[in-house]
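Data block below; observations after.
The values are calculated or read from the model by the stated rules, or taken from the named source; none is laboratory data. From a predicted model like this one, the values you see are computed outputs, not experimental measurements. Positions of Cβ are generated from backbone atoms using ideal geometry, with glycine treated the same way; all protein chains shown enter the neighbour counts. These accessible areas exclude ligands, DNA and RNA; they are computed on the full protein's heavy atoms, side chains included. Shrake-Rupley method; radii C 1.70, N 1.55, O 1.52, S 1.80 Å.
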Amino acid sequence: MQNDHINSQMDIDALPCSQACENNKQPILEVLQNELQGFTHVLEIGSGTGQHSVYFAPRLPKIQWQTSDVTSNHRHIAAWHYAYPAPNLSLPLAFDLAYDSVPINSHLANNNIAKPYDAIFTANTLHIISWALVENLFALAGDALPVDGKLIVYGPFNEHGNYTSAGNQRFDAMLRQGNSDSGIRHKEDIISLAITHHLALSKTYAMPANNQLLVFQKY
């Protein structure tokens, strides 16, 4: 159920800010505007601060943008929504990849739509969460999406067993020092995992700061 009791009055001046979100939001948007033509309902997994959602939603006016994250991040996301509202932007649903199924807001659930999301978007999550949770994410996405639905993933990836830049190598070492279960994933492993859940890589976009945006389509 959507949490209607989030304190939206959080001091706007104290909004949490991710500089990475500020840096990559426009390049990501340009891809979404192309890849999501004709799509209507997007679930964002791991909405974080909420910055992406408030930037994308008004610029994708034909899409209902549903945020989701662990409940500890909801207050921050709601604060960004309060500061930058959009009619097609939905407050976050509780979603923990370790325990939960794909969350459905009450409006969509009441319409008895079997697979209400035709796209799922996630940014800068796969290298933060454990590999077991990466597996959960793809399993849930494969189950939740209809045929021709899209899973769009942004972040850094290794290719052919190698880092794509010295900066990514340093970043990976920092991630693993903080949490041995995290780390930059091998693109080939992600593609293989996706195939097991009927998700085929349809397009790869090079993005700033040695990141990539991978578009998978359900078959």
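Remark: relative contact order (region 136-217) = 40 percent; criterion is Cα-Cα distance under 8 angstrom and separation of 6 or more residues. With θ taken as phi - 60° and the Karplus curve 6.51 cos²θ - 1.76 cosθ + 1.60 applied, the whole-hertz 3J(HN,Hα) list for region 145-153 is 7, x, 4, 6, x, 10, 10, 10, 10 Hz, x standing for glycine and proline.
What does the accessible area of Tyr55 come to, in Å² to the nearest 10, when a probe of 1.4 Å is used? Estimated to the nearest 10 Å², Tyr55 gives 40 Å².
The spacing between region 98-147 and region 174-219, judged by their C-alpha centroids, is 16 Å. A 1.4 Å probe over all protein chains sorts Trp80, Trp131 by accessible area into Trp131, Trp80, starting with the largest. Taking the Kirkwood radius as Rh and the Cα radius of gyration as Rg, region 76-119 has a ratio of Rg/Rh equal to 1.01.
A simple spin-label model places the labels of Cys17 and Leu201 3.5 nm from each other, with each point 7 Å out along Cα-to-Cβ.
What number, in percent, do you get for the relative contact order of the chain if the mean sequence gap of Cα pairs under 8 Å and at least 6 apart is divided by its residue count? If you can, show how the numbers build up before the last one.
On the way: 392 pairs, mean separation 41.3, N = 219.
Relative contact order, the chain: 19 percent.
Segment Ala114..Arg75, full-extension length gain: 11.1 nm, with 0.36 nm per residue of separation and the alpha-carbon distance subtracted.
Here, the chain yields an orientationally averaged convex hull projection of 11.6 nm² when only Cα atoms define the hull. Please report, to two decimal places, log10 I(q)/I(0) for region 128-219 at q = 0.11, 0.16, 0.25 Å⁻¹ as given by the Debye formula with identical point scatterers on the Cα atoms and no solvent. For region 128-219, the Cα-only Debye profile gives -0.31, -0.65, -1.32.
Indicate, rounded to the nearest 5 percent, the antiparallel portion of the DSSP beta bridges found entirely in the chain.
Details: 15 of 34 bridges.
Of those bridges, close to 45 percent are antiparallel.
Dividing the helix sum by the residues of the chain, where each DSSP H run of 4 or more adds -39500 (n - 2.57), gives a mean residue ellipticity at 222 nm of -10500 deg cm²/dmol. Here each label is just a point 7 Å from Cα along the line to Cβ, and for Ser192 and Ala173 those points are 2.7 nm apart. Taking trypsin sites (Lys or Arg not before Pro) across region 10-115, the ones in a DSSP loop with at most 16 further Cβ atoms lying within 10 angstrom of their Cβ are Lys62. For region 77-166, the Kirkwood estimate of the hydrodynamic radius, built from every pair of different alpha carbons, is 15.4 Å.
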